[in-house]
Structure formats: C-alpha cells, structure tokens
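Each remark here refers to the structure printed beneath this line.
Just so it is clear, none of the values below were taken in a lab; they were calculated from the coordinates. This structure is a prediction, so every number in the text was calculated from the model and none was measured. Because the Cβ atoms are built from the backbone with ideal geometry, glycine has one as well, and the counts that use them run over all protein chains shown.
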Amino acid sequence: MFAAERLRIIRSYVLEKKKASVAEISRMLGVSEVTIRRDLEALDEEGFLIRTHGGAILSGEDNLDALPAAGETDAEREQRSEISEIAIYLINDGDTLLLSPGKTNLAIARRLQRKKNLVILTNDLAIASELASHPSARVIVPGGDLDSLTQSLNGPLTIHGLSQYYVAKAFIEVDGIHLHRGFTIKYPIQLEVFQEMLQMSQERIFVGMPAVFNQISFSQVGPLSSATAVVTHPAVPDEYKRQLFESNITLYASFTAYNQNDRTGDLRR
C-alpha cells in the first residue's frame, strides 16, 4: 500500500473516531508501528491531528468539520473533509487565491492555517470570518449587496470589485456537474459573480461533492472546458473521469491526479 493511500485511510479513520492508537492502525493496515508513527508525524506536521503518547487525536480545526451542517449526513461530512484535504495540497505558501461561496470551500478555508503569506479573495461572509484569525493571510472582501440566503455578496459592485484583481487559483464550488450542461449553481443571483471569477484566475479549479455529478442546477456557470482542474471525492462516476481525461482537465480525487500525462500522480510529489 502506497503512503498516500495509508494517509487517506488514517484521515478517514481519525475523522470518524476522533482519536486512534498506533497499535490499532498498525493492525488495521497490516504495516509496522514504525511506519504508522511516521505517517502520524506527517499528519501532525500538516496540522490534521495532534500526536499523543501511543497515538493521535483530531486537531481543533478538523473538529469543526465534525459539526454537521443542516441536513448533512455523516458520510457527506467525511466526503467534504476529504475533498478539502485534497485541495490543500494544491495550495502553496504565498499563493493568491479566490474562494467562491460554498460549504466545501469553507472547509478548505479552515485548513488554510497551515499555509503562509496568502492573499485570499472571497465574497462569502462565513469564509471571510473563518480567515479573519489567519496569522499571515491578507483577506480581501469585495463590496456588493448581501444576499441573506447564501450569506454572500453579489451584484454590480461585487463584479466590479472582483474585476480589479487577478489570482493564481480560483476554487469555485458548484451544485451541478454534467457532461452536456457543464458546471451549474442553484441561485441565479450568484451567476454573474461566478462567471466573473472565471475571468480573473489563472487556474480555474472547480470543487464538487460526488452527489453533484450528473446533476444540473438552475444557472450555468460554464461548460466543462471552463475548468483547468476538478477536485472531488473518489466516488465520482467513471464516465466523468474519462470525459475529463479526454478534455485534458486534471481530476484530483483521493490524492490521485487523472490527466493526459499521468493517471496516478501523487498530489504531493
């Protein structure tokens, strides 16, 4: 078993149990305790967990993910946590980022404490509030009209504010991903803002839970070709893996990259 797969299993286990011992993980994975200690040390350095004598406990930032959103199942919460972990590997110290509104992007924001000297642009008030305590990030919130339903800023002022910036990576969370209708979102009030986000970023990284695949929501943000990458969970349907591969769009799922040159690349290489 590769190290990346061990780490994925350990993350999932610790998210569920909130703690784990070296001995039990060693038995579960069939590898030595020395190997598991190294894995736990790596996850400790990331900030995912805190090493203890003989094991580890879930870190404070990830305990936030243990609080279910309204109507969210345990399985969905774990999927969202895994997706946000994958996204963190795509972010480097010093990056300029955009985070669109969304629960998974909020989970990504919670993990950005691990990164230094970021510039982060968002129109989501929950994400901005989460990032307010970041020790070294510059957080930029454009102006606009507050929509009480989505708790995000929208309208002409927001679009104008976004147009003044250009970021290296935009993480755009959507409600539907469909082979023919592309990327879609629920709320028309957000549409022009999302489309502006596509224009102001070098890498357009779409974020979606596995349940959004093969779904069409009300407003189309753009076709599949709008994306440079998609971040999701391994439960994504195989037909979408093939289509994204054929479209030269990188798919990141479970620490594995599917693209034209490398179907099994480790995100951390």
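A few points about this structure:
- Nearest-20 debye value, the chain charge dipole, Cβ charges on Lys, Arg, Asp, Glu: 460 debye
- Judged by the gyration tensor of its Cα atoms, with axes a ≥ b ≥ c, the chain is prolate; a/c meets the 1.5 cut and a/b is the larger of a/b and b/c.
- Once the C-beta distance of Q243 and S148 is scaled by a Förster radius of 35 Å, the resulting FRET efficiency is 0.45 to the nearest 0.05.
- The simple Förster model, with R0 at 41 Å and r as the Cβ-Cβ distance, assigns S12 and F218 a FRET efficiency of 0.80.
- Size of charge dipole - the stretch 3-64 - debye, nearest 20, with Cβ of Lys, Arg +1 and Asp, Glu -1, no other charges: 220 debye
- The simple spin-label model puts a point 7 Å past each Cα toward its Cβ; for R181 and E5 those points are separated by 3.6 nm.
- Among Y240, Y187, Y165, the order by Cβ neighbours within 10 angstrom, fewest to most, reads Y165, Y187, Y240.
- Beta bridges from DSSP with both residues in the chain: antiparallel share about 50 percent, rounded to the nearest 5.
- In this simple spin-label model, placing a label point 7 Å from the Cα along the Cα-to-Cβ direction at both E192 and I57 gives a separation of 5.0 nm.
- Available extension along the chain between H134 and K116 is 5.6 nm, counting 0.36 nm per residue and deducting the alpha carbon span.
- Subtracting the Cα-Cα distance of M28 and E46 from their residue separation scaled by 0.36 nm leaves 4.2 nm.
- Evaluating 6.51 cos²θ - 1.76 cosθ + 1.60 at θ = phi - 60° for every residue in the stretch 178-194, the Karplus couplings come out as 9, 4, 9, 9, x, 9, 9, 10, 6, 9, x, 4, 8, 4, 5, 5, 4 Hz, glycine and proline recorded as x.
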